[in-house]
Each structure stands twice: as C-alpha cells, then as structure tokens.
1. Taking Cα centroids, how far is the range A:153-204 from the range B:145-168 in Å?
2. Starting from the coordinates of the alpha-carbon atoms of the range B:251-330, obtain the Kirkwood hydrodynamic radius over all distinct pairs and give the value in Å to one decimal.
3. If each residue's Cβ is checked for other Cβ atoms within 10 Å, how do A:188, C:425, A:136 rank with the fewest at the top?
4. Starting with the fewest neighbours, write out A:70, C:350 ranked by other beta-carbon atoms found within 10 Å of each beta-carbon.
5. Per-residue mean of other chain beta-carbon atoms within 10 angstrom of the beta-carbon, peptide C:650-656?
6. Points 7 angstrom from Cα along the Cβ direction at residue C:460 and residue C:220: gap in nanometres?
7. Note down, for the range C:96-197, the three equivalent ellipsoid semi-axes (square root of 5 times each alpha carbon gyration tensor eigenvalue), biggest first, whole angstrom.
8. Which three extents, in angstrom, do the Cα atoms of the range C:234-350 have along their principal axes, listed largest first?
C-alpha cells in the first residue's frame, strides 16, 4: 500500500473519508454518547448495514472482478456469525452457571459446571451434551481465529474441488447455491449441535459487560465501520495491481489467461477463499448486533439477495457494491417495516408490505436489462460525459 | 353539597364519555409477522388484537384512556423480531406487547424485553422450559396439551405403541423428549416409541406413513402424536388418507393442527383423528358464540377461530383488568397485579394467572369432523401450566415463582435461584 | 354499564320461550305415556346412567356389558345409536333417547323401546353423549354378537373390523358359529382368516393352535404378525446359578454380551432385590452434604471437594466410618453376577406353540424384508418421478436452450393455482382436473412466452444475468400470488378415483395419486422425445441451439423457435404444478421447494439430454430414500446428505451422468 496506490485510486480515499465522516456523524447523533437523535435500534440497523456492505465488497471482488457468480457467500457470513456466537453463548452461560453453582453446599466440580452449561445451552432443544464442535467455545481467541479459519477452509476445499474439475459459469453458481442450501439444512438439524432451528441467541449481551446496549451498539458500529474501511482498502489494493489485472482477465476470457500461462484455478481459489474470510468477519460483526443467528440466515435466498444488491449498485466498482447494499437494504427495511404510508387509489389500497417485493423484483429485471452497470453506472456517467464532451 | 354534585356529574361525564380523555393514550404493541412464512398464522392474531382493542375502546378504554394499537411487521425474520421489539419499546414506547408465534422468535425478543423491562403476552402453545419475568405465557405449556393428550391415548384409546412425528425444530424436539420420558414412566418400553423428524414444509410422506403402519406388526395398538407444523400437515394427512388409515386403526393426535390449518384440507377422510388444545371453535358456551359472531362479522363468514386467538382474548382482558387494578400501565405494577387475575374462558370455567406467568386452563381433546371443525370428546378441569416439566430430570427440580421467590428458574434442591434472566 | 339479566328479558328471546314450551309439552307427553308402558331398556340405561355419562373407557365396561347382556332385542339399536353419537340425555329427567337433527336445529327424539317419535325439542334441553373412539371400539366389540349374522353385509364387515381391531377370547365362539351360514365369499374368507388367527391365541387345544400357526406360516399380513408377536413376548428372569426357572424358556443370556450388558444385568439384580444398588453421583453428593461437620467431610475440607476424585475419596472415608453405604466395586458386581443366571422366558406357557410361532414368523420375516425393499423401491420411483416431472420443463429451457430460469418454480406454482381456481368454478373433481391440465399449460405457456419475449431474449449472451433477472421475476410472482391468494395453503382435491392406495400386500402399497404422477412423468418423457425427434419444432430447436447463426441462415426463424420452446418448457412446468398440488400442497412458496432440486436433477443428469434428466431424478430419488431407510428417524438428514452427495458427484462428473460429447458439450 504505497502512495501510488492511493494516488491511482482517488475513489478509495473519497470513500474512506465519507465513511469516517458518516461514522462520526452517527456517533455524535446517537443515544449512546451523543445527543440522542438516532435511536439505539437504528444505530444497530446502520451497523448491520455496514457489515452487509463489507460482504458486498467481497461479493463484488468475486463476481464483479473475477466473474464468478457465487450464490453461496452468505454461508461464509453465517459461519462467521456462528463461530463468534458459540463463544458469546458459552461464556455468558458459564458466568451465569458459575454464579448460581457457587450457592451450593459443595464446591462445583469442573464436570458439574460443564454439564450445567450444556444443560442451559442445549436444554431448550432437548439435549444436554456438548457436541465436539464446541470444543474451543471457551476460548475467545480460538473462536475469533475460527471466524476466519472455518469459512476459509470451507471455501478452500469447496473451491479446490470445483475449480479443479473446471466447473464454471452457471454450473458453479448452482453448485454454490447447493453448498449454502446444504449448510442450512445441516444447521437446521438438531444433531448439528448448533441448536437447530433455534440457532444461537442473546448474542447482543456481551459476557461480563454491563454497559447499556446504547453504548454496545456504538462499539459494534465503530467496529463494523473499521472493518468495512479496512476490507475496502484491502480489496481495492488487491484489484489495483497485477493480481487485479489477472483476475479481470479471467473474468473476460478465462481460456486466454490460461494459455498465457497463468494458473487460473489458483487465482480463482485465492479470490474465493479471501472473499470467504472477509464474509466470515462481516458475519461475526453482524450477528452480535442482530442478537440471534439461525439456519434461515444461510438459506439460498440470502445469497441471491446479496447478488441483487451488488448488481443494483453496480458490479466491478467497489463503491457500487456499497451503495447498492446500503440503499436496497435500508429502503427494504423501510418499506417492509410498515412505516411507508399506504397509497389509496380509491378502488384499491396499495400496502407497501405487500407490494414492495414485487417492485424490488421488477426493478431488478429492469436494472439487468437496461442498466447493467447499476446505480454507480449512473453516478460516474455524469463526470465522464463532461470529460468526453470536452 | 353543590360541589359534590358537580364532582359527581363530572365523574359521570368522565365515565360516560371516556373517549374524550384521549390525551392519555395507552399504547399496545402488536408484534406479529404480516409477511413471510409465518404470516399464514400470525396475521389472524394481529386482526384478533385489533378487534379486542376496538372492543375495549368501545367499552371506554382503560383507566379512561384510549388504547392505541401499534402494529409492526417482523416479516417472519427472527433477528427482525428483536429489532422491532426494541423499536416498539424505545421509539414507540408501548406499554405492553402482544406477539410472537414461533419459539425461536420468542427467544429472539427475550433479551430485548428483559433488558428494557417490557411486557410480552405470548399466545401460542410452546415447549415450556422457560420463565421470563417479562413474559406472560397464555398458550399451553406441555403439561396443558401434550401430557393430557398422551394420557388420553393411554387410558381412553389403549395405545401401546407410539409414533412421535414432528417437524425438526425446538417445540417438537422438546415436547417429544418430555413425552418419551413420560411414556417410559408409564411403562411403555423405549422400543415402542418411534420418533421421526422432518423438515419444514415436508411433502414426501409415503415412507414415514408406511413406517408407522409397520409398527403394528407386533400386535400392539399404535397411535401417532404429531407435532408436525404448518404446511407439512397437508401432505401428511393426504398420505394418511391415501393409505386408508382410519382413526379407529391408528389415531393421530396433533398439537399444531387447529381450525385454521384444516381449512386447507378436505377433511372427509380424516374424520375421527384428534387434536388437543385449550380451545375449539365448537365449544358450546354463550361467550364463545358471541366471540365467534363478532369475529365473523368483522372478518367474514368463512373465517374460523382458534386456540391462540382465545389465548390473546384471555391475555388481553387480564391485562386490562390488571391495569385497572394497578391504576397504571407501568410494567412492574401491572405484573404484580397480574398474579391471580381471573377471567372466564371461552370454553367455560375460569382461567387464572399463576405466579409462574402461566395460566391455569382446561384441556380439550377434539375429533376432526367432516366440516373441518372439532367434536370435543374430552374436557378436563383447569390444569395449572408448568414452566419446568416434571418429566425431564434436569428441569424437574426447577420451579418458577415470580411472586414470592422472585425467580423464574429456582432450583428446589439447592434452594437457590439459578438465574433471574431467562435462558435464551 | 353491564345490565344484569332480569326476568323481563324473557320476551326478547323467543328461542328460550320456545324451548320452555317444548320442554313442558314433552314433559306432558311423557307423564301421559309413561305409566302405560313398561320400560325395560330405559331401566337398564338408567341403572348405568352414572357410568354412561362419565364416558371414560376405563370405567364404561360394566355399563356396556349390562346393556349387551340384557338380552333385549332393542339393545342392538341402542348400542348403534350410542356409537354413532346419536344418543342424548334429557337434562330435565335424565332419560336417554335416540335423536336426529331437524332442519331447523331442533332434535327429533325417539324412544329406544319402540322407536316411536317422542317429539321435537330444542338442542339445549339435552346433552349429547360423545363416546370417544376407545369407548366406540368397546361398543363395537359388544355389538359383534348381534352383527356377525346380520342380514346387512356392511354390518357383518363392521363386526369383523371390530374383531380384528380388538380380538377377544369371548368372540371366538360366535365367530365360528357364524362361519357356516356365511354366503358372501369375501366375508367368508375374512371370517375364516380371523378364525385361524384367533385360534392361534385363544383356542384351548394346543394341537389346533400349532396347526393354525403352521397353516399360515410365512404369511405377509400385518394381522398375522400382529397375532404371533405377542405369543413370543419374553421377560427377563433371574435364577440362582445351577437352577433353571420352571417356565417356557426362550434363551439364557450371559452378562457382558450384546444382548445383556453387565450394567443392565446388575440393574436387574438390584431390581429383584438380589444385590445392593450402585451409589450414584447424586447419592454420593447427598451423603457428602449430609455429613458436613464444621466445614469438613470425613477430615476433608468442603472447599476441596471440587473434583470427582476428591469426592469419591471423601465418600469412601464416610463409608469406612459406616456413615454411608459402601460403593459397589467392579469385583462386587462380578461376584454377584456369577451367582446368578439370566433367562428370557416366554409369557406363553406352551413350548410347542412358541416353537411353531417362531418358525412361522421367521418364514414371514424374510418375505417382509423383501417386500419392504420393494416398497422402498416404489417410494424411490415415486419420488424420482416427482423430481422428474418438476425438472422436465427445466430440461427443455435449461437443458436444451441453456436458459437459466429461476422462475421455473413459480411456473409450477402458477399451474397449481390454476388448478385451484378451476376447482372453484368446477366443483366436479374429475372434470375440474381434466380442464385444469390444459388450462395450466395454457396459462404457464403464455407466462413463459411473455417472459421470453420481454426479458430472456435480450440476455441470451449473458447467462448469469438471465439468472438474476429471472430471479427478480420469481420473487415478484411469488409475492403476487401471496397478494392474490393469501399465505394460507389452498386445497386442490384429487378426484375420488385417485383416492386410496394400490396395496399389493400389507407391506407394499403405493397411493394412486403417485401412480398417476408416475404415468404422467412417463407421458411427458414420451412427449419430449416425440417433439424433439419427430417434429419440425424439435428439429428447429436443436438447430437453433447448436448453431443459431447457421440455423437462421437456413431459413429458421430462431426468434420464434426460442419463444415456442421456452413456452413449451414453461407449460410443462404448469402441468407438473397441478400434479404436485394434488399430492402435496398449494402455497405461494411451493415453487421454492422444487427449484433447487430441479436444477440439481438436470445438472446431475447431464445437461441437454432427457435421459440424463431421467437418470438424475432416479439417482437423487433413490439416494434420498436410501438414506431415509438407513436413518428412519431423521428425514432432514437425508436431504442434507443428498445435497452433499450431489456437490461431490459433480466434482467427479462435472458434465453429469450422461455427458454430451464433442462440440455440443461446449459452454
């Protein structure tokens, strides 16, 4: 990351400045430390949106720059959330259990503590044994490492298998969709050891932290903004150099790049794994703000929406992914939240809760047909036209 | 003398025209999904709440204030439930929330409600093993639905072998665990209990139905206890009917199939199969007749009533009475006033709010009839809801008493409170 | 504000008034009629009134016996009325009547004595008796003796149903007596079979029981196995080493084997009072708690008791001071077990019968296992045909044309809703299905053509974008269906001739609707082959897909061909929707259940080849049923493994089972 990189990409600097400004503004206006114009629940919404923007940046790298339409990146996002969620649940429950067992006549044995935690966590899903995958749940460091490792390894194995056998194009899209469907079906099972349909809940309560949610929400908001900034910088750097040229070459003509002597599969695998790791981090920041993670989060539809956001924002431009995600997810929640006023046509009342999805679906068709470069295409069309005219 | 008269007339005026004192609105949050997979069940409850609130306002509101419904749509999205609950409590500042259907959505809002000291009325039968200071559970706990239905199977139908079929999520899992343990305590061998879990919306039932039929090979009478949820029931009952399994051969008792669910089915081949609830539309009481008439007038003649609707009916009226008794809508005062609240059930008898935040309600068992209704064949006296089941070793020693012990998870062996927040 | 009820309210409720009048009238009639008649039926019913009204299976027995054994001829109709929930009790005097509902909501009462009409009364003056199905079964058993030789064959069938549901020793004699007079062949066969089965269990003569068992050995019937298995019920008994129990011994078990673990064997000894119980952790901790003296338990400070080993040691110290029962050691268990022998003993005393039953059942078991395999095969075939049916439209649009249509599932849904709408207007189920199939084709064909014209044809060179655009169409259509039809599942009822199942025996059966779907799938396979190979459209489609430029220079209107082909594929999806709706459910989300599976089917099978799609469907269906068979308690796992299997499979055969070779294989 030398000066020339920033100099070559002024948009990165602009983006980072805007992000910093935005973060500052929200912090000042929020309930936690500021004047209280923005409610805690909206701070959480904004923080979550930043996490979604981060995974959208990753999606843009894999789709917009490398040409691989992955319909499974929310699997990595969800896995990241599950990994951090396991520690949050374990530690919170452990503290409760230790406190309550301390009241007993005999000092608790480690086995008793473990059994009580297991019973607390899995009692609601009708079990009490600790599954093997919870082996590291007592260690924050290890679970934090797993946030990156688990999605990374899954992406590495899946990608290696898929790219090695030259699965490309729509086949790869369908295969990634199968991957996330498989993961969600697996997690839905109680036997998965991650509490089945219930998932992990109460994640907003950080163990040992007594600060009010208005403060916690801001911490996570800052962390999300920082992660987005760093992630943006990283991806922008990746796509700006020689590596970026190669992956763009793969997108535009895979065979030619291969004939030039590049190991196309290695490049694809590297990008696939990197974006999976970024998605994992985004998920790990998202779910403590959402409070609960469950298998429905990694259902195929979520990943398709991700592609929708990036496409509406504009592929192949990192800020396009961010704009599309922020715009569509915030507008979506506004329309489905019941705040949007109904439109009375006299003979029929248009309720946005009912019609928003139809509008979204159709707008997506229109964007694909008439504005393949998305919203950011509109934005950067303006100055360029000026330049061209001159 | 004159002032007294004036005061009296003012009082009369106030009681006669309570709607005028509307500057002190009491806000009631309604947190039911209006879109997504659960809209099918929850929209009805939203309409129920709006009807109850309108009826109460027509009667003069509460404490002379008008009730205002604040409806939000959590869209069957579990994290969104938490977000909307926070919004209701902090932005809209509602005094009480009526809402949720699925257990996972309840687990999602629990931390928020407890953090912000809100008040939630939860109207659906659930798996128990929970007692939150901030939630009143007006649906059935397992001992108010599953256990009596199993007793009915054992005693009245003479079932010796059980197939526990459920959708793979927390309610069937926990309920079946409790039932397995309960059946074994009733000398049913473990080999005589067949358990199967299917995904949501499952449609390929032939193998499972064949498995159930094959259970009859050792000459024992087989019965099915179904915790199958939602749409999946349609395929299940269709396959059951196709296989020609009559209720006399292999009876099926369902805990999640009510009047609403039957309306998507042709029940001609299902006559005699059972469901257990605390309420059936066919209950013959005057209040129920009024209730059904009001509902049909508001929603259309083809609409049916069901058990969670009655739970909201009881919960809402108890809350109104508690607010009147406390003289305020403040959460802590209302909670204290809730204990011991009594209100007549629609099925006869009186529901009582217990110190463990559950109701004492009668348990009804009905047989499906050709017109998609239930013929009530058994009605118990009021059964006290039990937050922690007695049939699982870990929870048998737990009890919940918010009134005297001030604890929802009290260990009776060590005589200590395990935790005051709930387990989510 | 509440107005208390007052007597002046009466005129406002004419129904109550009418009720009172009617009640008075009825009472008048009764008082006039009663002294003139003897009422033996009513007397018996009154004598059992408490039990009848209590209506519980556990207590009703004596009441039913009293009624059935009274010898009164009317009792058959009393029992039949009771079972049909047609017996009512009058609140005013507790008398029982048969009642039928009049059109105006009142009830027409009939006396049980002579079936004479007593009068019409309002419903709320009576209590309906609602015997539950347990009681109804007992009433049915009591009715058997009346019905076995009833002139009405349906009643004779009912009697036999009742016997086979609840066989009872007392019913054997009446059954045998009725066999001779039976003239209906089907009934005679049932009676003979039932007689055989009941002989096995209830005949006092050992030889005839063995003969009956041997006669039916190897039979597949559920009733046969259901009769023999109870004869082979065993229970565990313990005897001192060296002695054998005086009973029909099935086997001797050695502790420490798979059949009987050491701990289970010891538990049996404890239950029989032949050994001291093991000290459980809870019991140990209770003892420790009970013996805390000034912060110490047997010289160990309480604060140190935070490991299992320390607690065990402290307990042993307590035991040494005789303050607690000593722990049972492994050696103790070995000694106790060596002192005893464990036997499985038949409840059935006759060894001849159990030997014959065991042999007969063994003969059945192998046939049952084979039949179960056949049944599983049928299930797999059925599932495969459903997958095939859902995927065949996709095999055209995706397989032949290479268009990814994510709205394919919604076309299936559209077809199903078309079927539902047709049924709203055409109540006859057979006719409505006959209309619904072409209608569904027409509707989805039109939708497909519209989609192709408006969206897809602009994107033929951008397949990934087609995927996203059609996904947009998919969510819009789904929401539109929700707005129109609501989220509630809609009924799509199959005609009665598709009700029921084709049962080859008690193990192998398949519902007619599934057979219909199988046949439909075969028909579509034929149709597809015909269109693609024998028609001009098929030729043109193949040409337009393989080389569009060449095709159009040969004079083929590729635009039109693409449109028609896409419409055809969509239309078939619509018909599949009707079929799927008939066997499962019709909801706005049903498309989503099939879309991923359908793509998998096509991809696994091999794109561009209908036989591949068939093979893909067969493989996925077969694999899923196979996993279900291995793990019958978790269907979700089967689906998960199937997805994992597909992902791995595609790694090794990226072009599917039947891969196109040569140039056509190019992307």
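Readers should treat all values here as calculations from the given coordinates under stated rules, not as data from a laboratory. Here the structure is a predicted model, which is why all the values come from computation and not from measurement. Backbone-built Cβ (ideal geometry, glycine too); neighbour counts: all protein chains shown.
1. After rounding, the separation between the Cα centres reads 37 Å.
2. 14.7
3. Placing the least packed residue first, the sequence is C:425, A:136, A:188.
4. Placing the least packed residue first, the sequence is C:350, A:70.
5. 5
6. Going by the 7 Å Cα→Cβ label model, 5.4 nm.
7. In descending order the semi-axes read 35, 15, 11 Å.
8. Principal-axis extents of the Cα atoms in the range C:234-350, largest first: 65, 25, 22 Å.
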